[in-house]
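The next block holds one structure in the form of structure tokens; read it before the comments.
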Amino acid sequence: MSKQYDYDAIIIGAGISGLVCGCYLAKAGLRTIIIEKNFTPGGYCTSFTRNGFSFDACVYALSSYRKGGILRRLSEELNLNTRLKLVRHNISDIIITPRHKVSLHSSKETTLKELQIIFPLEKKGLADFFALIMDSSTLTLSKLRKVCFNNILNSFFSNPELKTILSIVLLGYTGIPPSQLSAFVGALIYREFIFDGGYYPYGGIQQFPNTLADKFIQLGGKIMYSSRAKEIVFKHKTPSGVTLANQIYIPGKIIVSACDAHETFLNLIKPKYLPYEYICKFKKMRPSLSAFLVYLGLNSPLPHINELKSHTWIINKNFSNIEKIYSNALHNKFDFVAVSSTSMKNPKPECINKSTVFLYTNASFISKSFWTDSMKEKLSAKLISMASILIPDLSTNINAKITASPVTLYKWTMNYRGACYGWANTKSQFLDPMFSENSKIKNLYITGHWSNKSSGVTSVINSAIKTAENIIHSKK
């Protein structure tokens, strides 16, 4: 390595993908620094405290911790087990409609039996559906990446409410409906997030990024918090470092973007260094939906509602029309709410007396002017009303209320239009090689959910490991 470079690798963003990639690079002996604009690590996977109440910001649980799962691999290879303690809450997801209540257990067989009892006319279709998505090889499922998930549902089922029940979690976890979602992504969500989900860090979600950040520093890495990247500097058409907003220049031979793709290619890189194909591609690509979130601190302890340890999806309208639910979300007319509780999931005793409720629904950015205080108040009241089906008298037990709109999410992460899951995982966009870990620009790498590797924490971990492996291989 030439001495003109202070670092072998500079990573922009200390979200989960940036932290994981950094750990693997540092472990391999590369001098690595992470630049993070916020004062804490984690990105969307973080926690915060208001008025004495602790809340998980966006991520409510971890997944893929079975033997051979990506989180288990990460934990073992980085030796995180000594600090990161996980408890598992089964059931991972529950769906409540005006007609039915369905639990998605960690056991495929238990889930199948419950659904077959509720929908006896769909018994065979249910068996065949779960056999396809759970028992098929990854190679077989990969052949479905250019097929819409809706086609899979229609080939097995005729009951529209059942289709909605099986799709609502996918809409929530990807931000797009089954008519647009790649069937391969839908199958991965079921495998990794539902049937191998519900893992929760002792002490709250923030423990996960904190553990990764500490491991990265232990391995010799450095993190600069409250430091926003302003420009990726080029020399001879190759990245040579990063200039920060305070004009500090950090030299580095390899740059890893673990942040928003629009920020990376349209703001951090000057147009003259950007390949023409990126400019053309950006005009065609679209992001996933954002979210509207409500965090509630309660006056009195919650009753023992097991559903709050899971992610409970309450659909109050259009429960037989998932496409209508999505269409309404585009205009911020909410037909469902997802409900969980940080305090009930956290095994720490002191959390029980500080009861919290977390409400979530897909939402559209529309414009900054749309998200006025009065609009947030109106929409939060609607979500609270829907959640009262599960938690009676919720509206009269509120001590503290915080809302987060797509504008809030954009300010926190810089994700374009507050996108929750990077690019929309449509059949045409999923695994687009233009946004794979190896970019079209030499020594510039992409990692995280903008690299088109499905949605959620598990997928960004997978992307981060692949990015690090590619960099280490190129060095060798």
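Computed from the coordinates by the stated procedures, all read-outs in this text should not be read as laboratory data. Just so we're clear, the structure is a prediction, and the values are computed from it rather than from any experiment. No Cβ is skipped: glycine too gets one built from the backbone with ideal geometry, and neighbour counts run over all protein chains shown.
Within the chain, the whole DSSP H helices whose Cα atoms reach 24 Å or more along their own axis and whose mean Kyte-Doolittle score is at least -0.5 are 456-475.
Using only side-chain charges placed at the Cβ, +1 for Lys and Arg and -1 for Asp and Glu, the dipole size of the chain relative to its Cα centre rounds to 1080 debye. For the chain, the alpha carbon convex hull comes to 140 Å³ per residue, rounded to a whole number.
Rounded to the nearest 20, the Cβ-based charge dipole of the stretch 1-154 about its Cα centre (Lys and Arg +1, Asp and Glu -1) stands at 140 debye. Peptides 390-400, 460-470 ordered by packing proxy, namely the average of other Cβ atoms within 10 Å per residue, highest first: 460-470, 390-400. Applying a threshold of 31 Å to the alpha-carbon distances of K163/K440; K108/K466; K324/K368; K37/K235; K230/K324; K37/K317 flags K163/K440; K230/K324; K37/K317 as lying beyond it. Label-to-label distance for T372 and L274 is 3.4 nm, based on points extended 7 Å past Cα in the beta-carbon direction. Take every pair of alpha-carbon atoms less than 8 Å apart whose residues are at least six positions apart; their mean separation over the length of the chain yields a relative contact order of 23 percent. Working ranking of peptides 365-378, 412-425 by packing, defined as the average number of other Cβ atoms within 10 Å per residue, highest first, is 412-425, 365-378.
A simple spin-label model places the labels of V147 and L330 2.6 nm from each other, with each point 7 Å out along Cα-to-Cβ. Rounded to the nearest 20, the Cβ-based charge dipole of the stretch 3-52 about its Cα centre (Lys and Arg +1, Asp and Glu -1) stands at 60 debye. Converting phi to 3J(HN,Hα) with the Karplus coefficients 6.51, -1.76 and 1.60 and the offset θ = phi - 60°, the stretch 439-449 yields 6, 7, 9, 4, 6, 10, 10, 10, 9, x, 6 Hz in sequence order, with x at every glycine or proline. Peptide packing for 284-294, 449-459, 263-273 was compared via the average number of neighbouring C-beta atoms within 10 Å per residue; ordered from the highest value, the list is 449-459, 284-294, 263-273.
The residue among F184, Y273, G198 whose Cα reaches farthest toward the positive pole of the charge dipole of the chain, with charges on the beta-carbon of Lys, Arg, Asp and Glu, is Y273.
Within the stretch 28-96, the chymotrypsin sites (Phe, Trp or Tyr not before Pro) that combine a DSSP coil assignment with at most 10 other C-beta atoms in a 10 angstrom radius are F39. When the Cα positions of T356, P303, Y326 are compared along the charge dipole of the stretch 277-435, Y326 comes out farthest toward the positive end, with charges on each C-beta of Lys, Arg, Asp and Glu. For the stretch 157-174, backbone nitrogen atoms closer than 20 Å to the point 7 Å from S320 Cα along Cα-to-C-beta are found at 157-169.
With r as the distance between the Cβ atoms of Q247 and D214 and R0 = 25 Å, compute the FRET efficiency 1/(1 + (r/R0)^6) and round to 0.05. The calculated FRET efficiency here is 0.25.
Once the C-beta distance of T82 and H473 is scaled by a Förster radius of 25 Å, the resulting FRET efficiency is 0.30 to the nearest 0.05.
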